[in-house]
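What follows draws every value from the coordinates through simple rules; no lab data is involved. A quick note: this is a predicted structure, and the numbers were derived from the prediction, not measured. Cβ sites come from the backbone with ideal geometry, for glycine too, and all protein chains shown count toward neighbours.
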Amino acid sequence: MTNDALTAEAVNQANRPSAEELATRRKVIEVDSLDWSFGTRQVLFDINLDVREGEIMVIMGGSGSGKTTLLRHLVGLMPPLPGKIKLLGKDMGALSRMQLLELKRRIGVAFQFGALFSSMSVSENVKLPLRELTDLEERTMDIMANMKLEVCNLSGFGHLMPSDLSGGMMKRASIARAIVMDPKLIFLDEPSSGLDPVVSSALDDLILKLRDAMDISVVVVSHDVESAYKIADRITILDKGRILACDRVDAVRNSTNERVQNLLHRRSEQAEIDPTEYLRRLAGD
Amino acid sequence: MANPLKLPGKIFEGIGRRTVAGLDEMGYAAAIFFEAIYWTLTGWRYRQPVRITSAFASMMQFGVTALPIATLLAATIGLMLAIQSLYSLGLFGAEQYAYIGIALSVVREFSPMIMGILIAGRSGSAIAARLATMSINQEVDALQVMGINPVRFLVSPVLIALVLMMPCLAMWANLVSILAAGLYVSAQLHQSFGAYLNDTIDVLKTGDVWHGLGKATLFGVIIALVGVVNGSMVQGGAEGVGKVTTRSVVISITLIVVADMIFAYMTTK
């Protein structure tokens, strides 16, 4: 870990709310007994999770651990059944389609690859929610979009098309679009994937800045351990569809659970091989 | 080696699977159709109106920019019909009645069908490719999580545009085909062009024109729905986009021809 990252982590650590303080805050996400299967393959097992107001929760896990599926449930792209998901105090399963659309106006989502509309400029992308969901005048929308682009260090790039952007700019533009409606909760899917360490670190700083400036809760799905240490108030670790750990950064870091440590230290897990079983498998029995 | 006794079972299983998948797709298309109409009529109540500007942009894309190729095709069809009519009626010495066959077949049959096939190839494929690319790039997911209904945002403008532009294109094709045929026929039969037009207007009834325009509207709905359904069912990357685009064109044209036959049967019986 670089010195800069250590410093930033230390600064954030000092600002992290205590467990007691977190417990007093309102829950913005409550997941209760969520299971999910694709056909006969179950990918989420009895997920119970909560995120508090103003908290940054990082959901980590290896490939195929179910973190993207969980995120899709949280943002309403998959039904929260069986189980229950409450977002900003509303039970998503009990809402009508229209109520769900209303609720989604109060959250923001930045996808892994940006999901910017390729036929629109960056500025048009950021203005899209305003244009489609509000009655604001064009001038007001321009001002709001420019403000968000500036927050995301994209001032002056609004006229570019998404294909003209670098990976880091694409992610920031996606975040600018996610926050343009001033949501109370944002979800970021793999914000640092595919970025070099410097750009990734700048993105972490942006996430912290957003949380502090806008007083929003942030859920980040990531596999970047350094980034998680730097920005998270709490870390949830998913493994094979189950929550392995969900705690404050220090507690997760010092966990005695071998699988948690393997994930944090990027150690591969070698399953013990039963020679007889192995031979039987080779023989096709 | 495969057991030959199992072959008939597998064939029936395959037919059954395809039938169920086909019905499933039809149900999906019907749901999208009604949802698009619902949002068109009631979107303003939820502060999500269908944007007129989007519908106009689609009308430009599907209709206005297709005019040059539509004109060329319509003129060619008109000339081809004139040549064949003069030849076939000439066998009985009845060339002077060519205008009847030309007028009725152009207005009732050829204009809507040729425009349908043209727009299915030109715009149906574009709709499917756009939707498929958007699905793969998570743009449709992005709309959903923003609280923007994708059917209202993506499908309704396309449906409105095609339902309005297809009859317009068919009407334009009627004019161009009849004019092109008229020029050829009047030149071949040494009669005045004005007389040809008078005869054509006399033989055509309002019902014939409505018949063609009704078909064109139906074809517009078919092209829009097939494009949207195929585009949203994409799987895989760029290869998947290519597959659904091709499939969309093939299915659209097939359905247009079948619907044309059913429409003709139902309305002329």
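Brief remarks on what is shown
- Inter-label distance, A:Ser119 to B:Ala57: 0.6 nm, where each label sits 7 Å from its Cα along the C-beta direction.
- Size of electric dipole in chain B: Cβ of Lys, Arg +1 and of Asp, Glu -1, about Cα centre, debye, nearest 20: 600 debye
- Within the listed set A:Ala176, A:Ala251, A:Ala110, the Gaussian network model of chain A (springs between alpha-carbon atoms below 10 Å) gives the highest mean-square fluctuation for A:Ala251.
- Highest-fluctuation residue, A:Arg16, A:Arg26, A:Arg267 considered, GNM on chain A with Cα pairs under 10 Å: A:Arg267
- Relative to the longest principal axis of the Cα atoms of chain B, the long axis of helix B:206-232 makes an angle of roughly 30 degrees.
- In a simple Cβ point-charge model (Lys, Arg +1; Asp, Glu -1; nothing else charged), the protein assembly as shown has a dipole of about 900 debye relative to its Cα centre.
- Multiplying the residue separation of A:Asp196 and A:Glu102 by 0.36 nm and subtracting their alpha-carbon distance yields 30.2 nm.
- Between the listed residues B:Leu218, B:Leu159, B:Tyr46, the Cα displaced farthest toward the positive end of the dipole of chain B, a dipole computed from Cβ unit charges relative to the Cα centre, is found at B:Tyr46.
- Across segment A:80-112, the residues whose backbone nitrogen lies under 17 Å from the label position 7 Å along the beta-carbon direction of A:Asp35 are A:80-85.
- Rounded to the nearest 500, the 222 nm mean residue ellipticity of the protein assembly as shown from helices alone is -19500 deg cm²/dmol, with -39,500 (n - 2.57) taken per DSSP H run of at least 4 residues.
- Among A:Val109, A:Ile29, B:Ala66 - extreme Cα towards positive end, dipole of the protein assembly as shown, charges at beta-carbon: B:Ala66
- Rough spin-label spacing in nm, given labels placed 7 Å along Cα→Cβ, for B:Thr246 and A:Thr276: 5.2 nm
- Tilt relative to chain B, helix B:238-268 - C-alpha long axis, 0 to 90 degrees, to 10: 50 degrees
- Hz values of 3J(HN,Hα) by residue in segment B:67-72 - Karplus curve (6.51, -1.76, 1.60), Gly and Pro given as x: 4, x, 5, 5, 5, 4
- Most mobile of A:Leu244, A:Leu95, A:Leu203 in a GNM of chain A (Cα contacts under 10 Å): A:Leu95
- DSSP beta bridges in the protein assembly as shown [antiparallel fraction, %, rounded to 5]: 55 percent
- The angle separating the long axis of helix B:193-203 from the principal Cα axis of greatest extent in chain B is about 60 degrees.
- Counting every pair of alpha carbons in chain A, the share spaced more than 34 Å apart comes to 23 percent.
- 5 angstrom amide H check on A:Ala245, placed H, neighbours 5+ away: A:Ile237
- Listed peptides B:99-112, B:245-258, B:13-26 by packing density, highest first (mean Cβ within 10 Å): B:99-112, B:245-258, B:13-26
- Residue by residue, segment A:81-97 carries 3J(HN,Hα) couplings of 10, x, x, 8, 10, 10, 10, 6, x, 9, 6, 4, x, 9, 7, 6, 4 Hz when phi is fed to the Karplus relation 6.51 cos²θ - 1.76 cosθ + 1.60 (θ = phi - 60°); x denotes Gly or Pro.
- Cβ-placed point charges (K, R +1; D, E -1), dipole of segment B:61-212 about Cα centre in debye, nearest 20: 260 debye
- Least to most buried among A:Met170, A:Met57, B:Met80 (fewest other Cβ within 10 Å first): B:Met80, A:Met170, A:Met57
- Rounded to the nearest whole Hz, the Karplus-based 3J(HN,Hα) values (6.51 cos²θ - 1.76 cosθ + 1.60, θ = phi - 60°) of segment A:27-40 follow the sequence 7, 9, 9, 10, 10, 10, 6, 8, 10, 7, 10, 9, x, 8, with x at glycine and proline.
- Gain in span if fully extended, A:Glu138 to A:Ser268, counting 0.36 nm per residue against the direct Cα distance: 41.5 nm
- Estimated distance in nm for a label pair at A:Thr24 and B:Lys269, the labels positioned 7 Å out from Cα along Cα-to-Cβ: 7.7 nm
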